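Written below as structure tokens is the structure these notes are about.
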Amino acid sequence: MSTDAQALTVHSDEHSPVAGLAHDTRGGISNPILGMILFICSEVMFFSGLFAAYFAVRAAAPIWPPIVPGDEALTEAYNLHAEPWFALGLTIILVISSFTCQFGVWAIRKDDRTGFIRNIGITLVLGITFLIGQVYDYLTLGFGISDGTFGTTFYTLTGFHGAHVFGGAIMLSVVLYRGLAGQFSSKHHDAVEATSLYWHFVDVVWIALFSTLYIL
């Protein structure tokens with residue numbers, strides 16, 4: 001009798017909607033996390049190509065940032081090293097968001113749903129704040145994407161990164177919505193882990209961009 005009950009319990013668990021959501025207890029990397037790692041590897045190659053193009057253009061230029069004869073305003077606008085403070089503020093915002101995102105991961109690993117939702121919500125707000133700040137920066141820089149090779153490379157690098165931040169914000173929104181619906185737990189949070197990996201990648205890329213464009 002007990003054997004039949006145990007068999008019935010196992011059969012019921014296998015067909016329950018929660019069974020397919022649990023972590024793979026055999027160990028290893030789950031498919032969502034592996035897929036995100038592979039995707040990030042492809043994005044590393046993509047941004048490496050953009051950085052290579054930037055440094056190729058910079059190496060070929062006699063003076064960097066370029067000096068535009070007869071246009072002192074544009075020449076001054078090109079000199080991002082003079083006033084990097086706004087971009088530094090955006091960098092701090094994104095770095096903080098990376099920490100809050102990881103705090104959210106640690107919280108859901110302990111079944112702390114309140115801490116998880118709070119930290120993911122803060123991360124999303126910081127990500128949106130970064131995007132708004134980047135748009136404001138574009139409006140006040142004093143040069144556009146068509147203003148020479150400097151403008152083209154700057155907007156290409158930061159624009160693609162901004163698109164990735166926007167994509168990350170969408171992923172965070174989905175994770176937050178699912179978290180509010182109670183779909184994550186200590187045994188089922190692969191989507192949270194995958195999203196955090198992507199957000200950390202976006203953060204690292206921006207640090208590299210800030211260092212390249214505003215410091216070097």
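The values are calculated or read from the model by the stated rules, or taken from the named source; none is laboratory data. Since the model is a prediction, treat every value here as computed from it, not as a measurement. Here the Cβ is made from the backbone with ideal geometry for all residues, glycine too, and neighbour counts use every protein chain on show. For accessibility, only protein heavy atoms count, side chains too; no ligands or nucleic acids. Shrake-Rupley method; radii C 1.70, N 1.55, O 1.52, S 1.80 Å.
Rolling a 1.4 Å probe over the protein heavy atoms leaves Asp147 with an accessible area of roughly 50 Å². Qualifying trypsin sites (Lys or Arg not before Pro) in the range 79-145, where qualification requires a DSSP coil assignment and no more than 16 other C-beta atoms within 10 Å, comprise Lys110. The Cβ shell under 13 Å around Leu180 holds other residues with a net charge of +3, Lys and Arg each +1, Asp and Glu each -1. For Leu216, the accessible area of its heavy atoms, probed at 1.4 Å with every protein chain present, is near 100 square angstrom. Seen from Gly162, the other residues with C-beta closer than 15 Å to its C-beta sum to a net charge of -3, counting Lys and Arg as +1 and Asp and Glu as -1.
So how strong a dipole does the chain carry about its Cα centre when Lys and Arg Cβ are +1 and Asp and Glu Cβ are -1, to the nearest 20 debye? Using only the charged Cβ atoms, the result is roughly 360 debye. Scalar couplings 3J(HN,Hα) for the range 191-199, obtained by applying the Karplus form with A = 6.51, B = -1.76, C = 1.60 to θ = phi - 60°, are 5, 5, 4, 5, 5, 5, 4, 5, 5 Hz; x denotes Gly and Pro. The base-10 log of I(q)/I(0) for the range 104-159, evaluated at q = 0.17, 0.19 Å⁻¹, reads -0.63, -0.69 [Debye formula, identical scatterers on Cα atoms, solvent excluded].
So if I average 1/r over every pair of distinct C-alpha atoms in the chain and take the inverse, what Kirkwood radius in Å does that give?
Details: mean 1/r = 0.0505 Å⁻¹.
Evaluated on the chain, it is 19.8 Å.
For the chain, report the accessible area per residue in Å² (1.4 Å probe, heavy atoms, rounded to an integer).
Normalised by residue count, the accessible surface of the chain is 55 Å².
What a 1.4 Å probe finds exposed on the chain is 68% carbon and sulfur by accessible area, rounded to a whole percent. Pairs of Cα atoms nearer than 8 Å and 6+ residues apart set the relative contact order; for the chain it is 29 percent. Give me the Debye-computed log₁₀ of I(q)/I(0) at q = 0.17 Å⁻¹ for the range 106-215, equal point scatterers on Cα only, no solvent, two decimals. For the range 106-215 at q = 0.17 Å⁻¹, log10 I(q)/I(0) is -0.81.
Taking amide H atoms as placed 1.01 Å from N in the peptide plane, the amide H of Ser185 has no partner under 5 Å among residues 5 or more positions away or on other chains. Highest GNM mean-square fluctuation among Val204, Val57, Val175, for the chain modelled with Cα contacts below 10 Å: Val57.
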